1. In the set Asp42, Asp37, which member is acidic (Asp, Glu) and modelled with pLDDT under 95?
2. If you go through segment 59-69 one residue at a time, do you hit one that is at pLDDT 95 or above, surrounded by 14 or more Cβ atoms within 10 Å (Cβ to Cβ) and in contact with a Gly (Cβ under 6 Å, 6 or more places away or on another chain)?
3. Could you check segment 16-32 and list, in sequence order, the residues that are over 21 Å from Ser55 (Cβ atoms) and crowded, with 17+ Cβ neighbours inside 10 Å?
4. Could you list all residues from segment 1-34 that are of a type outside the set (D, E, K, R) and part of a strand (DSSP E or B)?
5. What are the residues in segment 35-81 that are under 15 Å from Ala5 (Cα atoms), in contact (Cβ under 8 Å) with a residue 60 or more places away in the chain and assigned to a loop (DSSP other than H, G, I, E, B), if any?
6. For segment 24-57, which positions are in contact with a Lys or Arg (Cβ under 6 Å, 6 or more places away or on another chain) and closer than 16 Å to Ser68 by Cα?
7. Test each condition in (1) out of contact with any Pro (no Cβ under 9 Å at 6 or more places or on another chain); (2) modelled with pLDDT of 95 or more; (3) within 14 Å of the ligand (Cβ to nearest atom); (4) of a type outside the set (Asp, Glu) for Ala7 and report the one that comes out false.
Amino acid sequence: MSKPARASDTPYPVEVESGKTYFWCACGQSKIQPFCDGSHKDTNFTPVKYEATESQKVFFCGCKLTESQPMCDGTHKETERVHQSLLFD
Ligand code: FES
């Protein structure tokens, strides 16, 4: 697999806790999005570690195409248009 599965068309808002570590799903196949459940085992993807330095709401990427892993960088807006045009054109 060379491309991740598109888990969502929008980011996942999560209230993270200061001092906690999270593992963001990079393959898009996890059943507990946006976090890793081990589904990447047979892919060439590995989860991305995120350490919360403060308690706050953050937005983890759901489309899996962000350039700022594991956070949403807005890429989903452009890729959604491409995704929709592939489905409906
Ligand atoms: S959800 Fe992937 S860039 Fe926003």
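The values are calculated or read from the model by the stated rules, or taken from the named source; none is laboratory data. Computed from a predicted model, the values in this text were never measured in an experiment. Note that each Cβ is placed from the backbone with ideal geometry, even for glycine, and that neighbours are counted across all protein chains shown.
1. Sole residue among the options that is acidic (Asp, Glu) and modelled with pLDDT under 95: Asp42.
2. yes
3. Scanning segment 16-32 gives Cys25, Ala26, Cys27, Gly28, Gln29, Ser30.
4. Within segment 1-34, Tyr12, Pro13, Val14, Val16, Thr21, Tyr22, Phe23, Trp24 qualify.
5. Of everything in segment 35-81, those that are under 15 Å from Ala5 (Cα atoms), in contact (Cβ under 8 Å) with a residue 60 or more places away in the chain and assigned to a loop (DSSP other than H, G, I, E, B) turn out to be Lys64, Leu65.
6. Once the filter is applied, which keeps residues that are in contact with a Lys or Arg (Cβ under 6 Å, 6 or more places away or on another chain) and closer than 16 Å to Ser68 by Cα, segment 24-57 yields Gly28, Ala52.
7. It fails just one condition, (1).
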